[in-house]
């Protein structure tokens, strides 16, 4: 069964944006509040910044898609943030397994791993599209 390609009119139409935004809400509401107070200025703060950065970078990059390297740079930065997020959630799972749900952490790690792969493929497709435009 073939899937129909969706027309992308805005960054909100990108599956990778939708998934990263939804996952960020889960981290912000179900992981970070359960971390101990001593982590609020280190692990929690860094994890908050990385999960919020991914959808923001996708949105900002999409807005610069007509610039030569605009979109690609932001997608690359979002990939880096996705990798950083995996490490942060792994710390939560491994160090604070009594405070946070390890199963939820595993699900989030899988989502952010997939996000990184989706961002890579999107950046690659965008570079190929740009080459065809030259």
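Please treat every number below as a calculation from the coordinates, not as lab data. Here the structure is a predicted model, which means the values were calculated and not measured. For neighbour counting, all protein chains shown are included, and Cβ atoms are generated from backbone atoms with ideal geometry for every residue, glycine included.
Laid out as a table, the results:
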quantity	calculated
Of all residues making up segment 93-121, the number that are over 17 Å from the mean Cα position of the chain (by Cα) and either farther than 21 Å from residue 39 by Cα or surrounded by 14 or more Cβ atoms within 10 Å (Cβ to Cβ) (or both)	5
Hits in segment 57-78 - residues which are within 21 Å of residue 133 (Cα to Cα) and either touching a strand residue (DSSP E or B) at 6+ places or on another chain (Cβ under 8 Å) or surrounded by 17 or more Cβ atoms within 10 Å (Cβ to Cβ) (or both)	61, 62, 71, 72, 74, 75
Among residues of segment 47-77, those that are in contact with a helix residue (DSSP H, G or I) (Cβ under 8 Å, 6 or more places away or on another chain), free of Cβ contacts under 8 Å to residues at least 24 places away in the same chain and under 15 Å from residue 116 (Cα atoms), counted	2
Failed criterion for residue 102 (all others in (1) within 20 Å of residue 78 (Cβ to Cβ); (2) free of Cβ contacts under 8 Å to residues at least 12 places away in the same chain hold)	(1)
Checking residue 44 against (1) over 18 Å from residue 8 (Cα atoms); (2) surrounded by 16 or more Cβ atoms within 10 Å (Cβ to Cβ); (3) touching a residue at least 24 places away in the same chain (Cβ under 8 Å), the condition it does not meet	(3)
Matching residues in segment 13-41 - criterion: being free of Cβ contacts under 8 Å to residues at least 12 places away in the same chain and not in a loop (DSSP other than H, G, I, E, B)	13, 18, 22, 25, 29, 33, 37, 38
